[in-house]
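Novice: Before I ask anything, let me first share the structure, which is written out below as structure tokens.
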Amino acid sequence: MKYLSTRGHAAPQTFSDILLGGLAPDGGLYLPDHYPRVSSEELESWRGLAYADLAYEILRKFATDIPEADLRALTRKTYTAEVYCNARDGDNAADITPLRRLGEEGGTTVSLLGLSNGPTLAFKDMAMQLLGNLFEYTLLKTGDELNILGATSGDTGSAAEYAMRGKRGIRVFMLSPHKKMSAFQTAQMFSLQDPNIFNIAVEGVFDDCQDIVKAVSNDLEFKARQKIGTVNSINWARVVAQVVYYFKGWLLATTGPGQKVSFSVPSGNFGNVCAGHIARMMGLPIDKLVVATNENDVLDEFFRTGNYRVRKSAETLHTSSPSMDISKASNFERFVFDLFDRNPERVAGLFRDVEEKGGFSVADTAAGARVASFGFVSGRSSHQDRLATIRDLAARYDIVIDTHTADGVKVAREHLTPGVPMIVLETALPAKFSETIVEALGKVPPRPAGFDGIEDLPQRFDVMPADAAAIKQFLAARTGR
Ligand SMILES: *Cc1c(COP(=O)(O)O)cnc(C)c1O
């Protein structure tokens with residue numbers, strides 16, 4: 001299996017080649033040269049598999065340059081009940097992503113797929129834990145080292161740190177906006193004492209952190225000398241690791257071949273729902289892929305009107321589902337590539353328009369007419385919708401859900417089809433977003449065991465000005481390069 005850039009001007013690469021990188025050199029995103037098809041017979045043969053072995057069956061179709069025995073060992077090391085130990089009481093934790101039936105609505109069953117039982121209580125762990133083990137495996141082979149530089153507003157940074165802590169040959173330098181994360185998120189990251197983890201609290205906002213990462217990455221000499229890599233949302237291995245739980249959700253919700261299900265996906269950068277699109281292209285019987293956004297509704301606008309209009313940073317709202325506060329959807333180009341029959345010239349042109357004119361439109365075009373054939377529908381959820389949905393699920397089903405998942409449930413309910421099970425992806429546990437849960441329910445959400453008093457643990461971090469040169473100096477002093 002070779003990987004191509006959505007913009008067509010990069011040499012084909014192997015899975016391992018693109019593992020540590022981000023964008024292709026031509027500015028595009030990597031995708032496999034074809035989507036492997038999973039037949040109905042093969043899918044049925046996977047019913048009894050443990051999550052780790054299901055992950056192996058799917059990943060081996062994409063990571064063809066990793067020896068199969070190694071890949072199986074990697075998935076078995078990653079997807080264990082010890083790592084994904086934060087399932088709710090009554091859920092089958094051994095499923096890794098347990099399916100919890102809520103109830104009958106609109107002539108069908110609505111369920112939650114629990115993706116947030118890993119160490120940082122958000123779905124980012126599903127891919128990041130695999131990435132940590134893949135990185136370590138690759139570096140051990142080459143004897144090389146890797147310094148991960150990232151920016152986070154909360155969930156990505158902690159998932160990366162918990163995946164890379166204690167790993168040989170890897171350091172993590174994570175920039176976060178000083179005093180802007182929730183107390184829980186801050187405690188989760190800053191309480192890590194591992195010597196290979198460096199938390200840098202930048203005096204500025206998230207955009208300043210991201211600008212510093214860009215500035216450092218654009219200094220190619222520095223980047224090469226310091227062996228800098230990234231783990232942002234466009235990383236292909238992250239996307240492909242997320243494909244696995246769509247298969248798992250389907251297997252848990254169905255009893256026989258060909259049965260259709262729909263998924264509702266709380267969306268920001270389009271990484272999670274892009275994995276659903278890939279699962280559907282592989283032949284998984286998915287009826288609808290429901291793209292649920294918050295007030296930052298770039299994607300909802302596209303799927304309703306055909307207009308893709310990115311927002312400016314200043315227009316990006318701070319909401320109570322903060323992990324979906326985006327101004328452009330960085331993985332969206334992968335879907336656009338498929339929408340335009342994998343024509344890289346068209347894609348390059350459209351994203352030139354995004355740079356130059358702030359967007360493009362497929363309204364009233366042949367491509368626009370084909371969007372629905374990929375199963376996508378969408379909707380938008382506001383702070384008031386979030387509160388109402390959290391209250392409704394607590395009253396009706398005696399379950400507390402987080403704010404992002406609430407957006408997913410709210411929009412899912414607008415797209416129910418009788419007889420087609422609706423699976424809402426649970427992207428975080430409510431303990432992470434306590435403030436809004438208190439606003440909705442008047443009480444703090446339950447915390448999984450082991451997280452009590454996390455805010456009182458000693459914290460290890462450095463406060464630094466929003467200055468790329470100072471960050472470079474800090475990094476070089478720690479790597480000795
Ligand atoms: C990252 C994140 C999202 C958005 O996922 P995308 O892949 O960016 O669309 C939704 N919910 C939570 C809790 C997240 O951390």
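Novice: Mind listing the long-range amide H neighbours of G229? Cut-off is under 5 Å, sequence gap 5 or more, other chains count too, H placed in the peptide plane at 1.01 Å from N.
Specialist: Here the answer is N147, I148, L149, since their amide H atoms fall under 5 Å of that of G229.
Novice: Treating each Cα of the range 38-166 as an identical point scatterer and ignoring solvent, apply the Debye formula and state log10 I(q)/I(0) at q = 0.13, 0.14, 0.20, 0.21 Å⁻¹.
Specialist: -0.65, -0.74, -1.25, -1.31
Novice: Using just the alpha carbons, could you tell me how many Å³ per residue the convex hull of the range 188-332 encloses? It would help to have the intermediate numbers written out before the result.
Specialist: On the way: hull volume 24.8 nm³, N = 145.
Considering the Cα atoms of the range 188-332, their hull volume per residue is 171 Å³.
Novice: Do the alpha carbons of any pairs in K179/K410; K312/K432; K179/K328; K77/K223; K141/K180; K179/K214 sit beyond 29 Å of each other, and which pairs?
Specialist: From the list (K179/K410; K312/K432; K179/K328; K77/K223; K141/K180; K179/K214), the Cα-Cα distance tops 29 Å for K179/K410; K77/K223; K141/K180.
Novice: Can I ask one more? Can you give the FRET efficiency for A224 and D392, using 1/(1 + (r/R0)^6), R0 = 41 Å, r = Cβ-Cβ distance, to the nearest 0.05?
Specialist: Details: r = 53 Å, r/R0 = 1.29.
Efficiency, from the Cβ-Cβ distance: 0.20.
Novice: Also, quick follow-up: Classify the range 110-199: rounded, prolate or oblate, from the alpha-carbon gyration tensor (a ≥ b ≥ c, eigenvalue square roots; a/c under 1.5 rounded; otherwise prolate if a/b is larger than b/c)?
Specialist: Because a/c hits 1.5 or more and a/b fails to exceed b/c, the range 110-199 counts as oblate.
Novice: Treat every Asp and Glu Cβ in the range 297-338 as -1 and every Lys and Arg Cβ as +1, leave all other atoms uncharged, and give the resulting dipole magnitude about the Cα centre to the nearest 20 debye. Walk me through the numbers before you get to the answer.
Specialist: Working: 6 positive and 7 negative charges, 24 e Å.
Its charge dipole is roughly 120 debye.
Novice: Then there's this: Tell me what the chain gives for mean residue ellipticity at 222 nm when only DSSP H runs of n ≥ 4 count, each as -39,500 (n - 2.57), the sum divided by the residue total, rounded to 500 deg cm²/dmol.
Specialist: The per-residue figure over the chain is -12000 deg cm²/dmol.
Novice: If you don't mind, another one. Each residue of the range 27-32 in turn: what ³J(HN,Hα) in whole Hz from Karplus with 6.51, -1.76, 1.60 and θ = phi - 60°, glycine and Pro shown as x?
Specialist: In residue order, the calculated couplings are x, x, 10, 7, 9, x Hz.
Novice: When each pair of different Cα atoms in the range 147-270 is counted once in the 1/r mean, what is the Kirkwood radius in angstroms, to one decimal? Please list the in-between numbers first.
Specialist: On the way: mean 1/r = 0.0604 Å⁻¹.
Averaging 1/r across every pair of different Cα atoms and inverting gives 16.5 Å.
Novice: Give me the distance in nm between label points sitting 7 Å out from Cα along the Cα-to-Cβ direction at A476 and E105, one decimal.
Specialist: The two pseudo-label positions are separated by 5.5 nm.
Novice: To one decimal place, what orientation-averaged projected area in nm² is obtained for the convex hull of the Cα set of the chain?
Specialist: Numbers: hull surface 83.9 nm².
Computed as one quarter of the Cα hull surface, the answer is 21.0 nm².
Novice: So if I average 1/r over every pair of distinct C-alpha atoms in the range 333-481 and take the inverse, what Kirkwood radius in Å does that give?
Specialist: Details: mean 1/r = 0.0492 Å⁻¹.
Computed over the range 333-481, the radius equals 20.3 Å.
Novice: Further, regarding this structure: Treating the Cα atoms of the range 93-162 as identical point scatterers in vacuum, please give the log10 of the normalised Debye intensity I(q)/I(0) at q = 0.12, 0.23, 0.28 Å⁻¹, two decimals.
Specialist: So the normalised log intensities work out to -0.48, -1.01, -1.17.
Novice: Applying 1/(1 + (r/R0)^6) with R0 = 30 Å to the Cβ-Cβ distance of D70 and H9, what FRET efficiency is obtained, to the nearest 0.05?
Specialist: Working: r = 32 Å, r/R0 = 1.06.
The formula returns an efficiency of 0.40 here.
Novice: Another one. So for the range 1-51, taking the charge dipole from beta-carbon charges (+1 Lys/Arg, -1 Asp/Glu), which of I18, Y51, V38 sits furthest toward the positive end?
Specialist: Farthest towards the positive pole: I18.
Novice: Show me, bin by bin at 5 Å from 0, the whole-percent P(r) of the range 188-227 based on Cα pairs.
Specialist: Histogram of Cα-Cα distances, whole percents per bin: 5, 19, 18, 20, 24, 12, 2.
Novice: Next question. Using the number of other C-beta atoms within 10 angstrom as an exposure proxy, rank T389, T120, T403 with the fewest first. Display every interim value, and only then the final one.
Specialist: Details: T389 23, T120 27, T403 30.
Ascending number of Cβ neighbours within 10 Å: T389, T120, T403.
Novice: Using the 10 angstrom Cβ neighbour count as an exposure proxy, how do W250, W46 rank, fewest first? Please list the in-between numbers first.
Specialist: Working: W250 23, W46 16.
Neighbour counts put them in this order, fewest first: W46, W250.
Novice: Then there's this: What span do the alpha-carbon atoms of the range 402-481 cover on each of the three principal axes, reported in whole Å from largest to smallest?
Specialist: 61, 29, 22
Novice: Can you tell me, using C-alpha contacts under 8 Å and at least 6 residues apart, the relative contact order of the chain as a whole percent?
Specialist: 19 percent
Novice: To continue, here is another question. Please go through the range 9-115 and write out the trypsin sites (Lys or Arg not before Pro) that DSSP classes as loop and that have at most 13 other C-beta atoms within 10 Å.
Specialist: On the way: sites: R37, R47, R60, K61, R72, R76, K77, R88, R100, R101; in loops: R37, R47, R60, K61, R88.
Here the sparse-neighbourhood loop sites are R37, R47.
Novice: For the chain, give the share of DSSP beta bridges that are antiparallel, in percent and rounded to the nearest 5; count only bridges with both residues there. All intermediate terms of the calculation are to be shown ahead of the outcome.
Specialist: Numbers: 15 of 51 bridges.
DSSP beta bridges in the chain are roughly 30 percent antiparallel.
Novice: Going by C-beta contacts inside 10 Å, put D398, D53, D338 in order with the fewest on the left.
Specialist: Working: D398 7, D53 15, D338 18.
Exposure proxy ranking, most exposed first: D398, D53, D338.
Read-outs: derived from the displayed coordinates by stated rules, not from any lab. Just so we're clear, the structure is a prediction, and the values are computed from it rather than from any experiment. A quick note on method: Cβ atoms are made from the backbone with ideal geometry, for glycine too, and the neighbour counts reach across all protein chains shown.
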